[in-house]
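A.B. asks: Right, I'll just put the structure down here and ask away after.
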Amino acid sequence: MNIRLITKIFVLILVFGTSSTIDAQRKKRSKKDAKSSKEATAKKPKEKPEKGAIQPYEKVVTKKHTTDEGLFKVHSKDQNYLFEIPDSLLGKEMLMVTRIAKTANGIGFGGGKQNTQVLRWQKKHKQILLRVVSHSVVADSILPVHEAVVNSNFEPILFSFPIKAFSKDSTATVIDATPLFDKDVQAIGFPQFRRKQYKVTRMDKDRSYIERISSYPKNIEIRHVKTYLSNEPPSNRSVGSISLELSNSMILLPEKPMKRRYFDQRVGWFARSQTDYGLDAQKSKSLTYLDRWRLEVKDEDIEKFKRGELVEPKKPIVYYIDRATPEVWRKYIKQGIEDWQVAFEAAGFKNAILAKDPPTKEEDPDWSPEDVRYSVVRYLASPIPNANGPHVSDPRSGEILESDINWYHNVMTLLHNWYFIQTAAINPEARSNQFKDEIMGRLIRFVSAHEVGHTLGLPHNMGSSVAYPVDSLRSATFTKKFGTAPSIMDYARFNYVAQPQDQGVALMPNIGPYDKYAINWGYRPILDKDAKEEKPVLNKWITDKAGDPMYRFGHQQAGNIIDPSSQTEDLGDDAIKASDYGIKNLKRILPRLEEWTSEEGESYEELNTMYEQLLGQFNRYMGHVSSNIGGVYEYYKAAGQDGAVYTPVSKSHQKNALRFVNKELFSTPNWLIDKNIFDKTQFSGFAERIRGLQVRTLNRILKPGRMVRLVENETLNGNKAYTLLEMMNDLRRGVWEELYTSNKSVDTYKRNLQRAYLDRMDFLLNKAKDQRGTNNGGYFKQTAVNLSQSDIKPVVRGELKRLKRDLQRNIAAARNTITRYHFQDAIDRIDDILDPK
């Protein structure tokens with residue numbers, strides 16, 4: 001063998017070794033490296049997930065969570081709530097309605113709506129944003145102006161949530177929703193105007209918590225208790241805070257909005273507005289459309305409907321009666337709901353509104369009145385003497401999605417008191433502290449129908465009751481056919497006009513001609529026309545009834561009564577005549593009040609309560625009549641209709657109204673002063689009660705706005721008007737009648753009234769403020785007043801000087817010392833008013 005070759009092989013062996021040797025060395029090294037790596041791993045601390053990092057689903061939603069299936073999956077554990085939001089719902093619009101569920105005494109009522117807003121869930125980077133959507137300003141997306149509208153209405157972010165995880169199939173996103181509801185987020189909590197009212201400083205987190213979050217197929221319901229530190233709590237002042245339970249309903253809006261129906265002020269309706277910049281107009285224009293249920297004709301019934309046959313809607317309006325409702329009242333509440341079937345028949349539908357019992361817990365343990373798929377009459381054990389009918393509607397179209405009528409147990413107290421005072425003079429069934437079940441049931445049915453009317457979209461129609469002549473309300477034939485008012489939506493409670501000889505007369509309203517007309521106008525489908533194309537048809541339906549007072553809508557007025565024909569609690573076309581009948585009935589009731597309210601062994605509490613109710617009813621009559629002074633009728637019309645919208649009350653009627661008030665109220669109403677009742681119900685205060693009645697009406701007559709309207713009426717209509725000077729002269733001679741008659745003795749009640757007159761004149765001359773006017777046709781109307789530049793101060797000053805002269809002439813003729821002192825004091829007061837120190 002070549003020595004060189006042997007040498008090379010030997011070198012290779014030395015350098016690389018044999019294959020077995022190499023493998024052994026590798027295994028040895030591998031074990032050593034693995035051991036070193038294991039030791040290094042054991043010494044190295046376990047890495048925590050990066051803060052804010054998205055984690056595996058099972059790490060976030062654990063077996064310890066309880067899951068509630070519904071619109072979202074809601075996973076809860078230890079007062080923490082995770083929302084699992086499907087990607088299919090991101091970007092969809094949802095309506096968030098905030099209500100007070102349980103309230104502190106003095107803060108509204110359970111069910112009272114605090115805020116409504118449209119929300120949208122949006123995924124952005126590693127966050128889910130909750131944005132507030134506005135539908136108040138719009139433009140069609142195909143128009144160039146749409147971009148400007150979008151740029152001017154950037155959706156604010158209500159809350160931001162870090163993404164915690166994605167569902168296992170990656171079709172949903174998990175967030176921790178707890179902070180949205182356990183923090184102080186004003187938009188879904190206690191509103192700012194309430195905070196300002198009670199001087200709320202901050203939320204107390206230690207006394208605030210989430211009660212529960214429940215998920216249903218179309219909505220999420222949240223209940224959370226909030227405690228706020230308050231410097232002026234309305235009750236429980238010792239704790240220095242307010243606690244209440246808030247309810248948030250998050251409702252998925254329909255994929256396809258319902259066709260709108262545009263509003264017309266000539267037919268009363270709850271409505272909403274939107275400013276549309278995409279219209280062919282040279283200004284931004286507001287569009288107002290109705291809130292109403294989606295009642296549609298089934299495809300297979302369209303031809304029947306066109307022929308005028310009644311058809312059932314695709315989906316009827318269904319109300320369930322709360323399980324908590326006492327059995328004895330259930331049928332009456334149901335009857336009140338289904339009384340509206342006759343109105344929907346006028347609109348072309350049968351069985352359009354139904355009342356049902358809810359399933360029992362055994363039949364459906366998951367059924368809940370909070371599920372947005374169900375509208376429920378909720379029976380609440382509350383001392384509040386009321387009922388109300390709020391609804392939730394889609395802001396894009398006005399479609400009512402759900403409504404829960406809140407029925408407070410103590411509404412029966414209200415019904416008892418009204419029915420007693422307004423009908424006991426002619427109705428033996430009303431003469432007791434507790435009515436028979438069938439009588440109370442009929443009253444409950446009446447209120448049920450009224451509240452359901454609100455949930456259908458109808459507001460109060462306070463102009464309805466004046467359609468009927470007063471004497472027709474005494475006719476059994478007329479009232480059995482038409483009820484006591486054309487609309488159950490008026491506050492025409494019970495028939496106080498009817499006299500004892502009017503046997504068989506109806507005592508309350510039913511679903512009337514106006515109600516049928518309004519439901520037809522709002523709900524009858526107009527096929528094959530869009531919302532704009534419907535308007536001429538809707539206008540014709542109105543003009544066909546124009547001039548008939550049965551079909552007139554009169555807006556409810558708050559604060560100031562401008563139109564005396566749209567008042568609450570009134571009846572008939574002549575307030576003076578109706579009130580005269582009403583007072584005659586009160587005079588029949590008062591002497592029997594103790595007999596009809598007292599029970600052996602019981603206190604006189606009911607006697608005192610019903611005496612207060614009687615005074616209140618008498619005060620209503622004075623309001624109905626006195627509001628005609630300076631009154632202006634408001635009859636809504638549109639272009640193309642003849643006649644004025646605003647017409648002053650006639651001179652003779654205004655003058656007669658003041659004459660009535662002078663006679664029935666300002667001349668001491670001695671019939672109200674019942675010593676027997678006073679002896680059994682109060683140790684003092686009866687004179688104050690009479691004074692209060694007189695002062696309320698006096699101040700109503702001497703409102704600056706009313707006085708200005710008298711001046712304006714004279715300016716426009718000359719001697720056809722009841723002038724401010726005439727009214728002030730008639731008022732002075734009524735309040736101070738002793739100065740202008742042979743009787744120069746002034747009783748206690750009259751002295752109080754006359755001092756109140758001087759106080760009011762002092763207010764008008766020295767203390768009253770200018771006021772801005774509103775003339776928007778809504779609830780709140782106010783006449784503009786500039787006191788320093790109007791005729792009010794000169795007339796007041798002149799009246800005071802005239803009164804002073806008359807007092808000076810009559811001091812010597814005063815019948816007694818107290819009257820003389822009173823006249824002298826009045827003169828001194830006038831001097832102080834005319835020349836304040």
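A.B. asks: Which members of region 215-250 meet the condition of being buried (at least 16 other Cβ atoms within 10 Å of the Cβ) and hydroxyl-bearing (Ser, Thr, Tyr)?
C.D. replies: Result: SER215, TYR216, THR227, TYR228, SER230, SER241, SER243, SER247, SER249.
A.B. asks: Quickly run through region 384-406 and pick out the residues that are in a loop (DSSP other than H, G, I, E, B) and either out of contact with any Phe, Trp or Tyr (no Cβ under 8 Å at 6 or more places or on another chain) or at pLDDT 85 or above (or both).
C.D. replies: Correct list: GLY389, PRO390, ASP394, PRO395, ARG396, SER397, GLY398.
A.B. asks: Residues that are in contact with a Ser or Thr (Cβ under 9 Å, 6 or more places away or on another chain), within 26 Å of ASN608 (Cβ to Cβ) and buried (at least 18 other Cβ atoms within 10 Å of the Cβ): does region 447-468 have at least one?
C.D. replies: Scanning region 447-468 turns up no residue that is in contact with a Ser or Thr (Cβ under 9 Å, 6 or more places away or on another chain), within 26 Å of ASN608 (Cβ to Cβ) and buried (at least 18 other Cβ atoms within 10 Å of the Cβ).
A.B. asks: Quick test of your reading of the structure: LYS744 fulfils all but one of (1) buried (at least 17 other Cβ atoms within 10 Å of the Cβ); (2) at pLDDT 95 or above. Name the failing condition by number.
C.D. replies: For LYS744, the failing item is (2).
A.B. asks: Right, here's the next one. Among the residues of region 712-737, which ones are touching a residue at least 40 places away in the same chain (Cβ under 8 Å), more than 13 Å from LEU658 (Cα to Cα), in a helix (DSSP H, G or I) and in contact with a Ser or Thr (Cβ under 9 Å, 6 or more places away or on another chain)?
C.D. replies: ASN713, LYS720, GLU737
So that you can scan it fast, the table gives a plain yes or no per residue for (1) touching a residue at least 12 places away in the same chain (Cβ under 8 Å); (2) surrounded by fewer than 21 Cβ atoms within 10 Å (Cβ to Cβ); (3) under 24 Å from ILE690 (Cα atoms); (4) touching a helix residue (DSSP H, G or I) at 6+ places or on another chain (Cβ under 7 Å):
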residue: GLY554; (1), (2), (3), (4): yes, no, no, no
residue: ALA558; (1), (2), (3), (4): yes, yes, no, no
residue: ASP570; (1), (2), (3), (4): yes, no, yes, yes
residue: GLU602; (1), (2), (3), (4): no, yes, no, no
residue: GLU612; (1), (2), (3), (4): no, yes, yes, no
residue: SER626; (1), (2), (3), (4): yes, no, yes, yes
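A.B. asks: Within the bounds of region 359-375, is there any residue that is farther than 29 Å from ILE100 by Cβ and small (Gly, Ala, Ser)?
C.D. replies: Initial filter on region 359-375 (farther than 29 Å from ILE100 by Cβ): 360, 362-363.
Subset that is small (Gly, Ala, Ser): none.
Checked against the condition, which is being farther than 29 Å from ILE100 by Cβ and small (Gly, Ala, Ser), region 359-375 yields no hits at all.
A.B. asks: Follow-up. From the list PHE678, PHE660, PHE683, pick out the single residue that is of a type in the set (Phe, Trp, Tyr), surrounded by 15 or more Cβ atoms within 10 Å (Cβ to Cβ) and closer than 22 Å to LEU593 by Cα. Talk me through it step by step, then tell me what you get.
C.D. replies: Numbers: PHE660 fails: closer than 22 Å to LEU593 by Cα; PHE683 fails: surrounded by 15 or more Cβ atoms within 10 Å (Cβ to Cβ).
One residue alone meets the criteria, PHE678.
A.B. asks: ARG378 is checked against (1) of a type in the set (Lys, Arg); (2) farther than 27 Å from TRP269 by Cβ; (3) surrounded by 17 or more Cβ atoms within 10 Å (Cβ to Cβ); (4) modelled with pLDDT under 90 and fails just one. What number does that condition carry?
C.D. replies: So ARG378 meets the others, but not (2).
A.B. asks: Additional query: Does LYS168 meet the test of being of a type in the set (Lys, Arg) and at pLDDT below 95?
C.D. replies: Judged against the criteria, LYS168 is a match.
A.B. asks: Counting only residues that are β-branched (Val, Ile, Thr), surrounded by fewer than 17 Cβ atoms within 10 Å (Cβ to Cβ) and either assigned to a strand (DSSP E or B) or not assigned by TED's automatic domain parsing to the domain that holds LEU90 (or both), how many does region 56-77 have?
C.D. replies: Of the residues in region 56-77, 2 are β-branched (Val, Ile, Thr), surrounded by fewer than 17 Cβ atoms within 10 Å (Cβ to Cβ) and either assigned to a strand (DSSP E or B) or not assigned by TED's automatic domain parsing to the domain that holds LEU90 (or both).
A.B. asks: Name the residue, out of PHE161, PHE190, PHE181, that is part of a helix (DSSP H, G or I), in contact (Cβ under 8 Å) with a residue 24 or more places away in the chain and buried (at least 20 other Cβ atoms within 10 Å of the Cβ).
C.D. replies: After ruling out the rest, the residue left standing is PHE181.
A.B. asks: Right, here's the next one. Restricting region 225-244 to residues that are in a strand (DSSP E or B) and farther than 11 Å from PHE190 by Cβ, which is nearest to the chain's Cα centre (by Cα)?
C.D. replies: Only one residue tops the list, namely VAL225.
The values are calculated or read from the model by the stated rules, or taken from the named source; none is laboratory data. Nothing here was measured: the structure is a model prediction, and the numbers come from that model. Quick reminder, even Gly has a Cβ in these numbers, built from the backbone with ideal geometry, and neighbours come from all protein chains shown.
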